[in-house]
Amino acid sequence: MSAQRVVIGVDSSTQATKALAVDLETGAVLGEGRAAHAVSAGAGRESDPEQWWRAFGKAVAGTGWADRAAACSIAGQQHGLVTLDTAGEPVRPALLWNDVRSAPQAAELTAAFGPAELARRTGSVPTAAFTSAKWAWLRANEPAAADRVAAVRLPHDFLTERLTGEAATDRGDASGTGWWGPDGYDQEVLGRIGLDAELLPEVLPPGARAGLVRTGMPLREGALMATGTGDNMAAALGLGLTPGRPVLSLGTSGTVYAVGRTRPADPSGTVAGFADALGGWLPLACTLNCTVAVDRFAALVGRDREDVEAGGTVVVLPHLDGERTPDLPHASGLVHGLRHDTTPGQLLQAAYDGAAHALLAALDDVLRAGGENPAPDEPLLLIGGGARGPAWQRTVLRLSGRAVQVPAAREPVALGAAAQAAALLTGETADAVARRWRTAEGRVLEPVPRDDDALERITSTLRRARALQEVPPEARQGGPGR
């Protein structure tokens with residue numbers, strides 16, 4: 001009887017590192033590990049990459065298979081700017097995707113090229129989330145730190161390179177930087193933001209091996225390392241997505257995406273034209289405020305997150321950290337339509353509605369951007385930390401009008417990374433591995449009539465409140481309110 005073959009998939013997210021040890025043949029999860037991260041508060045959102053490294057070691061040890069796994073792959077939070085010195089040590093804490101201080105630099109980059117041209121070159125119109133804007137912010141605000149930088153990495157690249165000594169990334173995560181396109185790194189964009197391409201890792205082809213684990217690492221010496229990818233790309237792998245199947249992910253951020261057949265290039269900026277981790281595309285819309293913002297509203301009204309009530313006409317725009325979709329980086333939370341008879345439970349339900357609205361409003365645009373015709377009868381796959389919450393499930397059902405399927409597998413990002421690692425050993429594509437593991441299976445919640453009245457209230461409030469949510473030109477230039 002042959003020895004059991006096991007791979008480890010890792011999800012290094014904003015809030016924590018999660019690791020799964022998975023049986024190569026069956027997809028059974030044999031062990032799990034987790035370690036939390038700290039994120040700064042205040043004006044920015046930063047995190048020390050060294051704590052990701054420590055959390056990685058703790059999480060993979062927690063699986064019980066770190067010393068025996070045949071292969072590993074790491075999926076990481078997208079867009080984060082990791083800057084390293086000549087010794088490979090962080091120059092400063094990483095700037096995370098939800099740090100909106102780089103909004104002026106994103107606007108300047110868009111103005112320099114034009115939104116349509118940037119969408120053509122890189123697939124996306126950059127917002128404050130994109131790595132290109134973050135590097136430009138660092139250049140403008142901390143030039144001495146920028147001058148010390150010998151290497152620029154994304155979060156998953158940093159961890160993979162620590163393990164293997166090889167500077168490598170993949171097309172999926174690279175597509176979220178704002179400086180990569182189908183022809184490789186865009187020299188004109190890099191020149192505009194003052195970044196030398198020599199500081200960037202090699203973009204390996206899908207299915208390639210990034211290297212072997214070195215001695216003295218948290219994993220077995222000689223274990224195979226896949227390229228890894230961004231968290232959304234890994235979740236698409238982990239679900240074994242086929243073109244046109246929509247996904248709604250409820251986490252610290254909210255995302256809606258689908259594997260596309262054609263390369264997206266949306267000049268409006270609503271849809272980011274990401275590459276997937278294989279050879280296709282992953283059009284995606286993202287919000288900064290999702291489960292954490294709703295939980296904050298629950299705390300403010302003194303309710304459990306599930307203690308919602310129907311009824312009422314109050315509208316909540318839960319833009320507590322600014323917003324990405326719509327692109328309002330300086331926005332704040334807004335409550336409109338509050339009445340004497342509004343209950344705390346209705347206010348909390350309105351926060352759920354406000355958080356889900358932008359994602360569901362972008363769903364058809366996401367599908368069209370990937371060359372798919374929206375199919376309202378196609379069940380919406382619901383994943384992420386909020387997916388198992390009954391209040392989230394009811395909200396998505398009510399505002400989408402679609403059936404909703406909740407996969408039984410709990411960690412699609414880590415499973416996608418595991419499938420990528422397994423593909424190194426079997427020669428399959430990673431999505432085929434996931435389909436063989438049947439990771440997307442789960443109960444289907446039947447559709448209910450769409451609540452068009454609630455959707456229209458939110459849309460109308462957002463349109464009328466936009467002047468309050470945008471920063472006036474004098475403030476952008478250093479005047480009052482900056």
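Distances over 17 Å make up what percent of all Cα-Cα pairs in segment 25-121?
67
Between segment 259-311 and segment 71-139, what is the separation of their alpha carbon centroids in Å?
Each part's Cα centre sits 19 Å from the other's.
For T131, what is the net charge nearby, where nearby means another residue's Cβ is under 13 Å from its Cβ and Lys, Arg count +1, Asp, Glu -1?
With Lys, Arg at +1 and Asp, Glu at -1, the net is -1.
If you roll a 1.4 Å probe over segment 285-414 with all protein chains in place, what percent of the accessible area is carbon or sulfur?
With neighbouring chains kept in place, the figure for segment 285-414 is 49 percent.
So, counting K/R as plus one and D/E as minus one, what does the shell of residues with Cβ under 13 Å around A331 add up to?
-2
Please give me, ordered by residue number, the GluC sites (Glu not before Pro) of segment 154-227 that lie in loop per DSSP and have at most 14 other Cβ atoms within 10 Å.
E221
Which percent of the accessible heavy-atom area of segment 93-230 goes to carbon and sulfur, probe 1.4 angstrom?
49
Relative to the compact-globule scaling 2.2 N^0.38 Å, provide the ratio for the alpha-carbon radius of gyration of the chain.
Rg over 2.2 N^0.38 Å, computed on Cα atoms: 0.93.
Can you tell me the Rg and the Dmax, both Å, for the Cα atoms in segment 295-387?
15.3, 48
How large is the accessible surface per residue of the chain, computed with a 1.4 Å probe and reported in Å² as a whole number?
39
For segment 259-349, take every pair of Cα atoms, bin their distances at 10 Å starting from 0, and report each bin as a whole percent.
16, 33, 26, 18, 7, 0
Relative contact order for the chain: what is it in percent, counting Cα pairs under 8 Å that are at least 6 residues apart?
16
The values are calculated or read from the model by the stated rules, or taken from the named source; none is laboratory data. Bear in mind that the values here come from a model prediction, so they are computed numbers and not experimental data. We place every Cβ from the backbone using ideal geometry, glycine too, and count neighbours over all the protein chains shown. Please note that ligands, DNA and RNA were not included when accessible areas were found on the heavy atoms of the full protein model with its side chains. Shrake-Rupley method; radii C 1.70, N 1.55, O 1.52, S 1.80 Å.
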